[in-house]
Amino acid sequence: MDWMDASEFAEIVMEVLEDLPEEFRRHMENVEIEIRDWPGREEREQAGVPPGQTLFGLYQGIPLIERGQGYNLVLPDRIILFRGPIMRAGGSRAGVRRQIRRTLLHEIAHHFGISDDRLRELDAY
């Protein structure tokens, strides 16, 4: 993981976020993006990722479609990106950027209420 440091990785994440269409960014006001090196057992279990499979990111929060009038004074939703798996899969700076974009779009889809099953149906993996 030494070929790209954490600050360069975070810079790419910010670039990808800035490149998202405005209609997506506008609905992400209460979402925090966090970068961790590797997922822990708890994150893998939460995501339902079996041993031997890779977890690139994780959405934690209340999807927009589940929020009602009582949705206020809550902690921000969180999208966690795991730098180690993303860098391993990306292999190069351009590949890492592609994997960050793909992972962010996947987790943002969860924020909008789209399930993994529906993403598979849409062939959005």
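Quick check on the chain: helices-only [θ] at 222 nm, where DSSP H runs of length 4 and up contribute -39,500 (n - 2.57) each and the sum goes over total residues. Nearest 500, please. Let's see the in-between values first.
Details: 6 runs with 58 residues, N = 125.
After summing the helix terms and dividing by residue count, I get -13500 deg cm²/dmol.
Put the Cα centre of segment 1-65 next to the Cα centre of segment 72-103 and the gap is 4 Å. As a proxy for reagent exposure, ranking W3, W38 by other Cβ atoms within 10 Å from fewest up yields W3, W38.
Most exposed first by the Cβ proxy, i.e. fewest other Cβ within 10 Å, how do M87, M14 rank? Intermediate results must be reported in sequence, preceding the final value.
Working: M87 21, M14 10.
Result, fewest neighbours first: M14, M87.
Where a ≥ b ≥ c are the square roots of the eigenvalues of the C-alpha gyration tensor, would you call the chain rounded, which needs a/c under 1.5, or, failing that, prolate if a/b is larger than b/c, or oblate?
Details: a/c = 1.63, a/b = 1.38, b/c = 1.18.
Since a/c reaches 1.5 and a/b is larger than b/c, the shape of the chain is classed as prolate.
Projecting label points 7 angstrom from Cα along Cα→Cβ for F24 and A89 puts them 1.5 nm apart. The value given for segment 13-56 is a Kirkwood hydrodynamic radius of 12.8 Å, derived from the mean inverse Cα-Cα separation.
Expressed in nm to one decimal, what extension gain is obtained for the pair T54 and V74 from 0.36 nm per residue of sequence separation less their Cα-Cα distance? Show your work: numbers first, answer last.
Details: separation 20, 0.36 × 20 = 7.20 nm, distance 3.00 nm.
Additional length available on full extension: 4.2 nm.
Each Cα pair under 8 Å and six or more residues apart adds its separation to the average, and for the chain the resulting relative contact order is 30 percent.
Taking the number of other C-beta atoms within 10 Å as the exposure measure, put L73, L55, L104, L64 in order starting with the fewest. Intermediate values should be presented prior to the final figure.
On the way: L73 5, L55 18, L104 21, L64 15.
Listed from fewest to most nearby Cβ atoms, that is L73, L64, L55, L104.
Other residues lying with their Cβ under 9 Å from the Cβ of G84 contribute a combined charge of +2, Lys and Arg counting +1, Asp and Glu -1. A simple charge model with +1 on the Cβ of Lys and Arg, -1 on the Cβ of Asp and Glu and nothing else charged puts the dipole of segment 1-86 at about 420 debye relative to its Cα centre. Which of rounded, prolate, oblate describes segment 59-106, given a ≥ b ≥ c as roots of the alpha-carbon gyration tensor eigenvalues and a/c under 1.5 marking rounded, otherwise prolate only if a/b is larger than b/c? Prolate.
We did not get these values from a lab; they are worked out from the coordinates using the rules stated. Bear in mind the structure is a predicted one, so any value in this text is a computation, not a measurement. Because the Cβ atoms are built from the backbone with ideal geometry, glycine has one as well, and the counts that use them run over all protein chains shown.
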